[in-house]
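Undergrad: Here it is, the structure, as structure tokens.
Please treat every number below as a calculation from the coordinates, not as lab data. Everything numeric here is computed off the predicted structure, so don't read it as measured data. Because the Cβ atoms are built from the backbone with ideal geometry, glycine has one as well, and the counts that use them run over all protein chains shown.
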Amino acid sequence: MSILNQFLKFLEWLEAAQTIFDFLTHPIGLSAVLAVCFYFPMQILGCDAPTAATLSCTTALTMFCLLERPDF
């Protein structure tokens, strides 16, 4: 019974992970990942925290706008 309980918890975890990965494949998720991935290297390169946050969010917003641009 204990093994079945652990297997059920593992399946629930997989379902939650699938939801997160599904979110990350949408443009807003890709933009969030890009912002986080740009924030830390900018801090390592010498930017202070507010500047790194502003630059990484600007980059992520630009990518989001490019992915979601409307067709006129």
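Undergrad: Testing MET42 on (1) within 21 Å of the chain's Cα centre (by Cα); (2) among the hydrophobic types (A, V, I, L, M, F, W, C); (3) over 28 Å from ARG69 (Cα atoms), one condition comes back false. Which one is that?
TA: Every condition holds for MET42 apart from (3).
Undergrad: Can you tell me which residue is surrounded by the most Cβ atoms within 10 Å (Cβ to Cβ) among those in the range 52-72 that are of a type in the set (A, V, I, L, M) and over 13 Å from GLY29 (Cα atoms)?
TA: ALA52
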